[in-house]
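The structure appears below as C-alpha cells.
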Amino acid sequence: MEQFFATLGIWLGALFTFAIFSFLYKDNPFYKTAEQIFVGLSAGYWFVYTVFSILIPNLYDPLTQDFSTNWIKIIPAILGIMMLMRLIPKTEWVSRFPISVVIGTTSGVFFLRYLKSDVLNQLTATMINPFAGENWVIVIGQIMLIVGTICGVIYFYFSKKHTGVLGVSAKIGIYFLMVSFGAAFGYTAMARISLLIGRLQFLLGDWLGIIQP
Amino acid sequence: MKRKIPLLITFTVGIILIISEFIPHKPFGQLSGELEIWFLIISGFAILLGQLSLFKVNILKIKYKQRDWQFYTITLISFIIMVTLGFLWGTGKSAGMLGQGEVISNILGYKPFDYLFHNIYQHLQATMFSLLAFFIASAAYRAFIGRTVESNLLLVSAVLVMLGNTTLGSLLTGWLPESLNFLHLPKISEFIMTFPTTAGQRAIMIGAGLGIIGSSLRIILGIERSYLGGE
Amino acid sequence: MGKSKQIDRRWLFLLIFFGVALPLIFTIGLPLETTKNVQMVYDLVDSMPKGSKALISFDYDPASMPELHPMAKALVKHCFDKDINLIFTAMWPMGVQMVDDIINQLKDDYPDLNYGEDYVNLGFKAGAMITIQSMGKNFREVFPKDMNGNSIDELPIMDGINNFSNIGFVFSLSAGAPGIKEWVQIAHDAYGRPTSGGCTGVSAPAMLPYINEQKQLTGLLAGLKAAAEYELLINTPGTATSGMDAQSIAHLIILIFIAIGNINYWRDKKAGKKGGK
C-alpha cells in the first residue's frame, strides 16, 4: 500500500509539474487550478507551522504549565489578539498598538545592526592597504575595490549636481555598478537555470527513471 | 489618542532597545530581552492575520462571483484541507489532536500533511520558480543589447561571469600556461566577483544602510507615521 | 530593409528545455575547479575539533531546493564525518521539512547517529533578526522545545547552550530574507561567532561585501556551481555535480541568444542609417 502511494505521489508531482509548465504555451485552466492549489496549500502550511512552532511552545505552554513565572506573556497574547482585530474594518485601529511594538522593536534593532554591519564594518573593510597583495592582479583588484566603493557611494549622493570632480567620480561609480549588475545577471541566470535542472532531474530521474537521481 | 499612544509606544520601545546595546544591565537588558520574545509571539499572530486575510479575500471573491471565482474555491478547499490534516495528525514527529496517526502514516508512508507537502506543494513551488529559466533566456535575447558604454560593461561582465560559472569556462581556457593563469575564465569571473562587483555591492550596501538608519530614527522619533495608516 | 523578425519565444523555451534535458541524459563530464570562497567554507568546517557544535539554519523553501539542497547535504555530510554535532533551526517554515529531508537522505550512511545527541531539529521561529538577537541572549527561551515537542533540557546536545557562546560556527542556507545577512549581523557582528553561508545565485552578489578582512562571512557557497565544488572537495559527487553539464550548455544557449539579439540590433541600426541617407 505504501509503495502504491509513493508511486502515486511521484505521478502527482509530475502531473502538477506539467500543469505549471503548460503556462509556457499559454495561460489555461490547468495552470490556474495548479496555481490556486499552490496558494491554498502554502497558506495552510504557514498556518499550521505558526501554531505548532510559535504559539504553542512560546505562548500556550508557558502560560498553561507555569503561569506564575510566565504571567507577563499575557501582554503579548493580548497584543496578538489586538493584531487580529485588523480583519474587521471597524476595529482596525486597535491593531496599531501591536504594530507599534513591532515597528519600534524593528527600528531600534535595525538602527544598531545596520550601522555596525552595513556601514561601519564596510567602511573599515574598504580601508585596506591596496599594495599588500600576493601579486599584481590582487593589487589592481584592491585598488579597484577602494576606488569603486568610494565612487559608488559618491554616485548615490544626490544633494549636489553631478558636475566637475563629483560628476567624474559619479560616472566611475556608475561603471562599477554596471559591472556589478552584469555579474548579478550572470549569477541570476545560473540560479534560474539551476531551478530548471532540478525539475528535469525529478522528471527524468524519479518519474521516468532515465537518469540516476 | 488612537495615534498618540502608538507613537509613544514606538518611541519607548525603540529607545529601550538602543539603550540596551550600551547598557546591557538591569533594567534595559531585561526589558529588551522581554520585548524580543514579545516580538516573536506577535509575529506569530501577524502570520495568522495574513492567512486569515487571504481566507477573507477569497470568500468575498466567491461571494460576489468575481472573475475566475471558481478557482478561488479551489484555494479555499486546499487551505482547509491542509490546515485540517495538520491539526488532526500533526507533522513530522509532533502529534496532532488525534495523536501521531500511525495507521494512516503506514498507508501513505508519511503523515497526510507531510504527504501533501512532499508530493504536491514541493513540486508546484519548484516548477513555478523554474519557469523563470525560460523567461530569463527570452529576456536576454530581447533586451540585452549593448547600446551605450554602461550597457556594454554590463554585457561583457555578464558574459564573462556566465562562462566562468560553468565547467565550460574551465574547458575553454584550461590550456593556458601558468604565466597566463589570470586569463583563465574561472579566474576572470572570480576577479570580477571579488573586486568590481564587491565594490559596487558595497556602495549599494552602505547607501541602503544609511537609508535604513535614517528611516529607523524617523520612525522612532515619530516623524515617519505611515505605518499607522489613515485617521 | 525591414527590422529583423523576432523569433517566437516558445521556440526559445523549447530550445532551453532540450538544452538542459539532453546533457542530463547524455553526460559530458566537463572539468570542475574549486574557488577561494568555497575553499574557505570547507576549511572552516574542517578546522572544527571533534565534538564541537555548529548551528545550521535552513532558511529556504522548495523553490530553492535545486541549488541549496545539494550544498546542504554536502555540508551536513562533512560535519558528520568530522563528528561535529549539529543544531538545526529554520527562519523559514518550509526549512523544517528541508532538514528532515536531508537527514532522511543521510541516515543510511550514518546509522549510528542519535537524535538529541548528535543532532537536533529545533524547528521554525518567525521574527527574523529580532529572534536571532534573542537567541544570542536567551537561546532556551526562544526554543523551549524542539520540533517534536521534547523539552530542550532533556536533549544532551543542548547542554551548555544558553546563547551563541558554545557554538563553533553558524551556517545559514539562505534563499533570501531572513537569511545570511541577518545571521552575519547578529551571530558574527554582535556575538563574534564565525559565520558562513550558502545562498542562491540571485542573492550571492549582495553577500560578497561581507567577505572581508573582518571575516563577517567566512567564505560563501553561491549557487549550484559552489555546491558542485563542495561535493568535489568532500569526494562525494551528487546532484550538483551531475547538473553542471546542463548548466554549461544552458549558459551557452543564452549567450548565443544574446549574440543573435545584438547582431540583429546592429544590423537593423546599420540598415536604418543607410535607408536614411
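Quick notes
- So B:Leu210, is it touching a Pro at 6+ places or on another chain (Cβ under 8 Å), in a helix (DSSP H, G or I) and surrounded by fewer than 19 Cβ atoms within 10 Å (Cβ to Cβ): no
- Failed condition for A:Lys26, given (1) among the charged types (D, E, K, R); (2) within 7 Å of chain B (Cβ to nearest Cβ); (3) more than 30 Å from B:Thr10 (Cβ to Cβ): (2)
- Positions within the stretch C:232-277 being among the polar types (S, T, N, Q), under 22 Å from C:Asn37 (Cα atoms) and part of a helix (DSSP H, G or I), in sequence order: C:Thr239, C:Thr241, C:Ser242, C:Gln247, C:Ser248
- Pair list, Cβ under 7 Å, 6 or more apart: the stretch C:27-51 residue more than 26 Å from B:Phe195 (Cβ to Cβ), other residue in a loop (DSSP other than H, G, I, E, B) and among the aliphatic types (A, V, I, L, M): C:Met48/C:Ile84
- Looking across the stretch C:203-231 at every residue that is part of a helix (DSSP H, G or I) and out of contact with any strand residue (DSSP E or B) (no Cβ under 9 Å at 6 or more places or on another chain), the one that is surrounded by the fewest Cβ atoms within 10 Å (Cβ to Cβ) is identified as C:Glu231.
- Within the stretch A:31-73, the set of residues being among the hydroxyl-bearing types (Ser, Thr, Tyr), facing another protein chain (nearest Cβ under 7 Å), under 18 Å from B:Gly44 (Cα atoms) and surrounded by fewer than 22 Cβ atoms within 10 Å (Cβ to Cβ) is empty.
- Subset of the stretch B:142-171 (residues that are under 28 Å from the mean Cα position of the chain (by Cα) and in a loop (DSSP other than H, G, I, E, B)): B:Phe144, B:Asn165, B:Thr166
- Pick from the stretch C:243-277, criterion in contact with a helix residue (DSSP H, G or I) (Cβ under 7 Å, 6 or more places away or on another chain) and among the polar types (S, T, N, Q), ranking: nearest to the other protein chains (Cβ to nearest Cβ): C:Ser248
- One residue from C:Asp46, C:Asp8 being at pLDDT 95 or above and surrounded by fewer than 23 Cβ atoms within 10 Å (Cβ to Cβ): C:Asp46
- Scanning the stretch C:117-137 for residues that are within 19 Å of C:Phe171 (Cα to Cα) and assigned to a loop (DSSP other than H, G, I, E, B) yields C:Asp118, C:Lys125, C:Ala126, C:Gly127.
- Every pair of residues 6+ apart whose Cβ atoms lie under 8 Å, when the first sits in the stretch B:125-150 and is more than 7 Å from chain A (Cβ to nearest Cβ) while the second is among the hydroxyl-bearing types (Ser, Thr, Tyr): B:Ile145/B:Ser151; B:Ile145/C:Tyr265; B:Arg147/C:Tyr265; B:Val149/A:Tyr175
- For A:Thr105, the test of being at the interface with chain B (Cβ under 7 Å from one of its Cβ atoms) and of a type in the set (S, T, N, Q) is passed.
- Residues in the stretch C:159-202 that are of a type outside the set (A, V, I, L, M, F, W, C), assigned to a loop (DSSP other than H, G, I, E, B) and over 14 Å from the mean Cα position of the chain (by Cα): C:Asp159, C:Gly160, C:Asn162, C:Asn163, C:Ser165, C:Asn166, C:Gly168, C:Asp189, C:Tyr191, C:Gly192, C:Arg193, C:Pro194.
- Screening the candidates C:Thr200, C:Thr195 for the property of being crowded, with 24+ Cβ neighbours inside 10 Å, among the polar types (S, T, N, Q), touching a strand residue (DSSP E or B) at 6+ places or on another chain (Cβ under 9 Å) and free of Cβ contacts under 8 Å to residues at least 60 places away in the same chain yields one hit, C:Thr195.
- Flag for A:Val137 being more than 10 Å from chain B (Cβ to nearest Cβ) and either surrounded by fewer than 18 Cβ atoms within 10 Å (Cβ to Cβ) or among the aromatic types (Phe, Trp, Tyr) (or both): no
- Members of the stretch A:118-134 found to be in a helix (DSSP H, G or I) and more than 8 Å from chain B (Cβ to nearest Cβ), listed by number: A:Leu120, A:Asn121, A:Thr124
- For the stretch C:232-249, a tally of residues being surrounded by fewer than 24 Cβ atoms within 10 Å (Cβ to Cβ) and more than 17 Å from C:Gly19 (Cβ to Cβ) returns 9.
The values are calculated or read from the model by the stated rules, or taken from the named source; none is laboratory data. Being a predicted model, the structure only gives us computed values, none of them experimental. Neighbour counts are summed over all protein chains in view; Cβ atoms, including those assigned to glycine, are modelled from backbone coordinates with ideal geometry.
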